[in-house]
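Asks: Take a look at this one; I'll ask things after.
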Amino acid sequence: MHDEFNESAEWLEALASVKAEHRDLDVAIDQLSTQPPSDQLMLRRLKKRKLALKDRIAYIENLVDPPEPA
């Protein structure tokens, strides 16, 4: 039981970290896209990283709080 709690706490900490990075990327993408001339390659890389983080967030959320069986 204690190990489960520690593991869950670690996942929650990782989730908070990934969400923070996702928000930071969102801000960076917005800033980069509004500044002419924008670096299209960097913009694509940031968007790709943001999408990967979104997938990671969904994965961790599913581990922490799995959906109820139907």
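The values are calculated or read from the model by the stated rules, or taken from the named source; none is laboratory data. On a predicted model such as this, the values are computed, not experimentally measured, just so you know. Glycine also receives a Cβ, built like all others from the backbone with ideal geometry; neighbour counts cover every protein chain displayed.
Asks: Within segment 57-64, identify whether any single residue is in a helix (DSSP H, G or I), loosely packed, with under 13 Cβ neighbours inside 10 Å and touching a Leu at 6+ places or on another chain (Cβ under 7 Å), and answer yes or no.
Replies: For segment 57-64, residues in a helix (DSSP H, G or I), loosely packed, with under 13 Cβ neighbours inside 10 Å and touching a Leu at 6+ places or on another chain (Cβ under 7 Å): absent.
Asks: In segment 33-52, what count of residues is obtained for those that are hydrophobic (A, V, I, L, M, F, W, C) and surrounded by 15 or more Cβ atoms within 10 Å (Cβ to Cβ)? Lay out the reasoning, then the answer.
Replies: Start the filter on segment 33-52 by keeping residues that are hydrophobic (A, V, I, L, M, F, W, C), which leaves 41-43, 46, 51-52.
Going one step further and asking which of them are surrounded by 15 or more Cβ atoms within 10 Å (Cβ to Cβ), we end up with 46.
Residues in segment 33-52 being hydrophobic (A, V, I, L, M, F, W, C) and surrounded by 15 or more Cβ atoms within 10 Å (Cβ to Cβ): 1 in total.
Asks: Tell me, yes or no, whether segment 29-48 has at least one residue that is among the basic types (Lys, Arg) and either within 19 Å of residue 15 (Cβ to Cβ) or not in a helix (DSSP H, G or I) (or both). Outline the logic, then answer.
Replies: Of segment 29-48, the ones among the basic types (Lys, Arg) are 44-45, 47-48.
Narrowing the set further to residues that are either within 19 Å of residue 15 (Cβ to Cβ) or not in a helix (DSSP H, G or I) (or both) leaves none.
There is no residue in segment 29-48 that is among the basic types (Lys, Arg) and either within 19 Å of residue 15 (Cβ to Cβ) or not in a helix (DSSP H, G or I) (or both).
Asks: What's the number of the only condition in (1) part of a helix (DSSP H, G or I); (2) at pLDDT below 90 that residue 67 fails to meet?
Replies: In the conditions (1) part of a helix (DSSP H, G or I); (2) at pLDDT below 90, residue 67 misses (1) alone.
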